[in-house]
Amino acid sequence: MDITILYYLVPSLIMFCCGVYGFITRRNMIAMLISLELMLNAVDINFVVFNRFLYPENMEGMFFTLFAIAIAAAETALAIAIIINVFRSAKNISVSDLSKMKH
Amino acid sequence: MESVGSIIMYLVIALSIILFSVLTVTTRKILRSATFLLFTLFATAALYFKLDYEFLGAVQIAVYAGGIVVLFVFSIFLTTHPGDSSEKLVSKKKVLGVFAALLTFAVAAFALLYRCGMALTKLPEMENPKMHEIGTALMGTGEYQYLLPFEAISVLLLACIIGGVVVARKR
């Protein structure tokens, strides 16, 4: 049995679909952020796998993943700062209860 | 032909990625969700190690598992009671979520099968990228070198620090 590129893309695709499902069904902001993290991670895997299988002599996919990881870290830190601020003023981080800024 | 050990390794990694990412979005306790996310990220790091990108696997463990998950756990402790479970899902919302996930799956699976010639590419031979090559590629300005994105990331991180302090400080 040969492990072809498809065998790596399918787990990453399932991971991405889990992220989509969680992002839509979860009401807690941190849980939504966790789902977002899953989706980002699935995309990272795709970059690395395509780099490794199709262009093994280059390192573009690897560097793109490195930068994507750094951006994901920055984005998560900022999002959590916002979530904590929202919690401080609303005492809740469920998106269905946060309707104050809608008007 | 792959060796048996490599196939077993692949099976363990792929199954744990699938299992833990499903558990991350289906468990109702938020702290468990963060823990399963940690396991998913570890499985991803193992995948990078298996594909011969040792540096990337190390970065994945250090930044994701060491940084982001800790951040998640702290913010969970600050904002929710850890024992609480989220309320039961309304079936309408569940159906919507499953529908969106299946739609994504169908589109991506169609793209995969449509390109089936590419999908059967075998693992080519590759030398592990050496630390020296990674360092010169990260610090050069020539072709296939990444000094500019590197500096842009450092500015982004600075902006992120300032933004985090401004957003989260007490008024």
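Residue check: B:LEU89 meets all listed conditions (1) without any contact (Cβ under 8 Å) to a residue 24 or more places away in the chain; (2) in contact with a helix residue (DSSP H, G or I) (Cβ under 7 Å, 6 or more places away or on another chain); (3) part of a helix (DSSP H, G or I) but one, namely (3).
Search the range B:24-35 for residues being in contact (Cβ under 8 Å) with a residue 12 or more places away in the chain and more than 9 Å from chain A (Cβ to nearest Cβ), and hand back the single one that is surrounded by the most Cβ atoms within 10 Å (Cβ to Cβ). Please lay out each step first, then the result.
Filtering the range B:24-35 down to residues in contact (Cβ under 8 Å) with a residue 12 or more places away in the chain leaves B:24, B:28-31, B:34.
Next, only the ones that are more than 9 Å from chain A (Cβ to nearest Cβ) stay: B:28-29, B:31.
Numbers: B:ARG28: 14, B:LYS29: 15, B:LEU31: 18.
The extreme case among them is B:LEU31.
Among the candidates A:ILE83, A:ILE69, which residue alone is buried (at least 18 other Cβ atoms within 10 Å of the Cβ), at the interface with chain B (Cβ under 7 Å from one of its Cβ atoms) and modelled with pLDDT of 90 or more?
Result: A:ILE69 is the single residue among A:ILE83, A:ILE69 that is buried (at least 18 other Cβ atoms within 10 Å of the Cβ), at the interface with chain B (Cβ under 7 Å from one of its Cβ atoms) and modelled with pLDDT of 90 or more.
Of all positions in the range A:28-40, at least one carries a residue that is more than 7 Å from chain B (Cβ to nearest Cβ), touching a Cys at 6+ places or on another chain (Cβ under 9 Å) and surrounded by fewer than 20 Cβ atoms within 10 Å (Cβ to Cβ). Would you please name the residue that is nearest to the other protein chains (Cβ to nearest Cβ), looking only at residues in the range B:115-146 that are assigned to a helix (DSSP H, G or I) and under 14 Å from A:ILE5 (Cβ atoms)? The selected residue is B:ALA119.
Identify the residue in the range B:36-50 that is among the hydrophobic types (A, V, I, L, M, F, W, C) and within 8 Å of another protein chain (Cβ to nearest Cβ) and, among all such residues, is farthest from the chain's Cα centre (by Cα).
B:LEU47
The residue list B:LEU147, B:LEU123 contains one member that is at pLDDT 90 or above and within 24 Å of A:LEU66 (Cα to Cα), which is B:LEU147.
The values are calculated or read from the model by the stated rules, or taken from the named source; none is laboratory data. All values reported here derive from a predicted model rather than from experimental measurement. Cβ atoms come from the backbone with ideal geometry, glycine included; neighbour counts cover every protein chain shown.
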